[in-house]
1. For the stretch 108-117, state whether one or more residues are crowded, with 16+ Cβ neighbours inside 10 Å and closer than 23 Å to residue 15 by Cβ.
2. Condition test on residue 114, is it within 16 Å of the ligand (Cβ to nearest atom) and over 16 Å from the mean Cα position of the chain (by Cα)?
3. For the stretch 35-44, what are the residues that are within 10 Å of the ligand (Cβ to nearest atom) and either touching a residue at least 60 places away in the same chain (Cβ under 8 Å) or part of a loop (DSSP other than H, G, I, E, B) (or both)?
4. Would you check which residues across the stretch 163-182 are touching a residue at least 12 places away in the same chain (Cβ under 8 Å), within 9 Å of the ligand (Cβ to nearest atom) and surrounded by fewer than 22 Cβ atoms within 10 Å (Cβ to Cβ) and list them?
5. If you take the residues in the stretch 21-34 that are within 12 Å of the ligand (Cβ to nearest atom) and either surrounded by 20 or more Cβ atoms within 10 Å (Cβ to Cβ) or in contact (Cβ under 8 Å) with a residue 24 or more places away in the chain (or both), which one is nearest to residue 106 (Cα to Cα)?
6. Quick check on this structure: which one of 88, 102 is within 26 Å of residue 13 (Cα to Cα) and touching a helix residue (DSSP H, G or I) at 6+ places or on another chain (Cβ under 8 Å)?
7. So residue 148 passes all but one of these: (1) within 18 Å of the chain's Cα centre (by Cα); (2) at pLDDT below 95; (3) within 16 Å of the ligand (Cβ to nearest atom). Which condition number does it fail?
8. Failed condition for residue 185, given (1) out of contact with any helix residue (DSSP H, G or I) (no Cβ under 9 Å at 6 or more places or on another chain); (2) more than 20 Å from residue 13 (Cβ to Cβ), with all others met?
Ligand SMILES: CC(C)(COP(=O)(O)OP(=O)(O)OC[C@H]1O[C@@H](n2cnc3c(N)ncnc32)[C@H](O)[C@@H]1OP(=O)(O)O)[C@@H](O)C(=O)NCCC(=O)NCCS
């Protein structure tokens with residue numbers, strides 16, 4: 001049973017990462033396929049994400065998941081909030097009985113350097129151009145590559161997009177990494193200002209799984 005990672009965030013909230021080694025039939029025993037996902041690999045990712053929801057909370061009513069017009073999956077009239085992400089052979093999910101959540105998992109690849117200017121605003125660009133090396137020295141993380149951190153920021157913004165759920169977000173304007181980034185054990189705390197209808201200050205938790213070249217970020221409010 002390849003649960004790759006589990007973190008119980010609080011009494012009501014769990015995060016999990018599943019390594020997808022099983023055939024589709026394994027997931028279908030537990031989870032109904034209610035969406036038309038034609039590519040077999042994407043279908044397995046999709047099923048694994050839903051399987052993970054029920055793995056984290058066995059009473060999670062997977063069969064009742066509906067899809068909003070914004071494409072956000074949700075449960076109507078049920079206390080569970082949840083968020084799903086997949087990349088390569090991994091699916092990640094956060095489920096909470098009390099908090100709104102968002103999660104994203106990404107493979108770390110050099111491609112992020114080419115797309116960075118699409119999602120980094122001026123302040124974030126400044127951090128990577130001017131303050132990044134200082135930050136690494138301060139935290140004794142000199143060996144880290146810029147692409148790992150860029151991927152974390154991208155992942156954090158994707159997690160915020162899912163947490164918000166209503167779409168129509170400008171990744172540069174509505175989500176801004178500001179303030180002091182902190183390192184707490186394996187986790188990096190990324191302070192964001194989220195500004196759409198209201199201004200909301202949020203700390204995202206992010207971490208890198210070096211062995212698998214994975215970046216993960218989650219948010220909860
Ligand atoms: C929706 C989106 C966040 C999905 O991210 P992704 O990296 O492509 O895929 P992930 O595997 O991480 O996430 C997919 C899951 O997100 C969830 N999801 C999809 N749309 C969602 C939405 N609007 N809100 C919340 N969650 C959503 C679903 O659970 C989906 O998995 P499922 O279909 O198997 O249930 C992404 O496609 C997107 O639209 N991002 C915004 C794009 C953008 O504005 N970019 C501009 C900045 S450069």
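1. yes
2. yes
3. 35, 37
4. Step one: list which residues in the stretch 163-182 are touching a residue at least 12 places away in the same chain (Cβ under 8 Å), which gives 163-167, 169, 171-179, 181.
Restricting the remaining residues to those that are within 9 Å of the ligand (Cβ to nearest atom) gives 163-167, 169, 171-172.
164, 165, 166, 167, 169, 171, 172, listed by residue number.
5. Within the stretch 21-34, the subset within 12 Å of the ligand (Cβ to nearest atom) is 27, 31, 33-34.
Restricting the remaining residues to those that are either surrounded by 20 or more Cβ atoms within 10 Å (Cβ to Cβ) or in contact (Cβ under 8 Å) with a residue 24 or more places away in the chain (or both) gives 27, 31, 34.
Values: 27: 22, 31: 24, 34: 25 Å.
So the residue we want is 27.
6. Result: 102 is the single residue among 88, 102 that is within 26 Å of residue 13 (Cα to Cα) and touching a helix residue (DSSP H, G or I) at 6+ places or on another chain (Cβ under 8 Å).
7. Just one mismatch for residue 148, condition (3).
8. With respect to (1) out of contact with any helix residue (DSSP H, G or I) (no Cβ under 9 Å at 6 or more places or on another chain); (2) more than 20 Å from residue 13 (Cβ to Cβ), residue 185 is out only on (2).
The values are calculated or read from the model by the stated rules, or taken from the named source; none is laboratory data. Every value quoted in this text rests on a predicted model; they were computed, and no experiment measured them. For neighbour counting, all protein chains shown are included, and Cβ atoms are generated from backbone atoms with ideal geometry for every residue, glycine included.
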